[in-house]
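Each value in this text was obtained by applying a stated rule to the coordinates, not by laboratory testing. As the structure is a prediction and not an experimental result, all values here were calculated from the model. With ideal geometry, Cβ positions are generated from the backbone for all residues, glycine too; neighbour counts draw on all protein chains shown.
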Amino acid sequence: MESIKKENLDILVLIQSIEKNIQIVETKLRDIPHKIEALDKNLENTRESITEMESGLKNLQKKYRFIDEEVAISRNREIKNKEKLGSVKTNKEYQAVLKEIEDLKKKMSALEDEMLVILEQIEEGEVLIAEKTEESEVLFQKIEQDKKVVAAEFKEEEKKLADLKEKKEKAGKMVDPKLFEKYTWVQNLVGPMAIVTVKKAVCQGCHLNIPHQMYNELQRCDSLRFCPHCQRMIYFDCGSEQGKRSPGFLDDGPEESPNTTGQGAP
Ligand SMILES: [Zn+2]
């Protein structure tokens, strides 16, 4: 049985809490680039929809010009036909030219109606594009601002991370190396929460009951044990339940073939 100082238990708990915070900060740091990506994507989508609308508008303008040319051609033919009327020889010929003039008028009227509809669509499109462009400009300004905030957040989290790592290093130097080695050993076995409290004889790592004898010993607040089920380091938190945590000593380590399932009878 190796004896440990109370401080060692406190430091191990502190190291574990620092590690938990490091994990939280690292997760934040991993998420921040995704935040920026999402902001950029939002702007990109707005700009893409503007480009699509502009291309649609160009097609409408092209169609408008095409119909306009067709109307001009028909108008010329109408003028020529009207000139022709004065020089036709027969009534049949006269009627044919008149019919052609009538058909041209109908055609031009239909084309002009179509042009009016297109013109309306063009005007609507122009208004929409202007609105969307303004919207994207506002969005761009907002995103630039958001990016600055996010970048500042990143910097702050990076600093936090460096501070936490420094704290962990310092704490690691203060703890008994053999105990720290065991802590790391348990961590490799069960994950980040290697040291946990015992409440009402229940290990807070695996939530199984520990033997009564062990619980009684832990309540004396002078020892640190290993949970017989999950192998975590367990202690009774005298700090919160009995006033002050007493100096403890380390129990012998877990057996060579630990039960890693976290299951089993208490
Ligand atoms: Zn346990």
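Work out the charge dipole of segment 114-224 with +1 on the Cβ of Lys and Arg and -1 on the Cβ of Asp and Glu about the Cα centre, then indicate which of VAL127, VAL138, LEU208 is farthest towards its positive end. About the Cα centre, the residue reaching furthest to the positive side is LEU208.
Around the Cα centre of segment 19-174, unit charges on the Cβ atoms of Lys, Arg, Asp and Glu (plus for the first two, minus for the last two) sum to a dipole of about 400 debye.
Where does the chain land at 222 nm, in deg cm²/dmol rounded to the nearest 500, when only DSSP H runs of n ≥ 4 count, each adding -39500 (n - 2.57), divided by all residues?
Taking each H run of at least 4 residues, the total per residue is -26500 deg cm²/dmol.
Using every pair of separate Cα atoms, the Kirkwood estimate puts the hydrodynamic radius of the chain at 26.4 angstrom.
Of the residues GLY205, GLY86, GLY56, the one that moves most in a GNM of the chain with alpha-carbon contacts below 10 Å is GLY86.
The string of couplings for segment 89-103 from the Karplus curve (6.51, -1.76, 1.60, θ = phi - 60°) is 9, 10, 5, 4, 5, 4, 4, 5, 5, 4, 4, 5, 4, 4, 4 Hz, one whole number per residue in order, with x for Gly and Pro. Projected over every direction and averaged, the convex hull enclosing the alpha-carbon atoms of segment 39-123 yields 6.1 nm².
Shown for ILE36, ILE79: other C-beta atoms within 10 Å of each C-beta, ranked fewest to most, produce the order ILE79, ILE36. Between VAL13, VAL198, VAL127, the residue with the greatest mean-square fluctuation in the GNM of the chain (Cα pairs under 10 Å linked by springs) is VAL127. With pairing defined as another cysteine C-beta under 4.7 Å, none of the cysteines of the chain fails it. Ranking ILE73, ILE22, TYR94 by Cα position along the charge dipole of segment 3-126, where only Lys, Arg, Asp and Glu carry charges on their C-beta atoms, puts TYR94 farthest toward the positive end. The calculated Kirkwood hydrodynamic radius for segment 19-174 is 22.0 Å, given to one decimal from all distinct C-alpha pairs.
Enumerate the lysines that LYS82 could reach by cross-link, defined here as Cα to Cα under 26 Å, with residues fewer than 8 away along the same chain left out. Correct list for LYS82: LYS92, LYS99, LYS105, LYS106, LYS107.
Note on segment 132-196: Cα convex hull, mean projected area over all directions, 7.2 nm².
Please state, to two decimals, what the Cα-based radius of gyration of segment 120-160 comes to when divided by 2.2 N^0.38 Å (N = residues).
The reported ratio for this selection is 1.94.
Separation of the alpha carbons by more than 31 angstrom is noted, of LYS20/LYS178; LYS20/LYS148; LYS58/LYS84; LYS62/LYS89, for LYS58/LYS84; LYS62/LYS89.
Pick from SER136, SER74, SER17: which is most flexible by mean-square fluctuation in a GNM of the chain where alpha carbon atoms under 10 Å apart are linked? Maximum fluctuation in the GNM of the chain, among the listed residues, is at SER74. When both segment 1-79 and segment 94-146 are represented by their alpha-carbon centers, they are found 32 Å apart.
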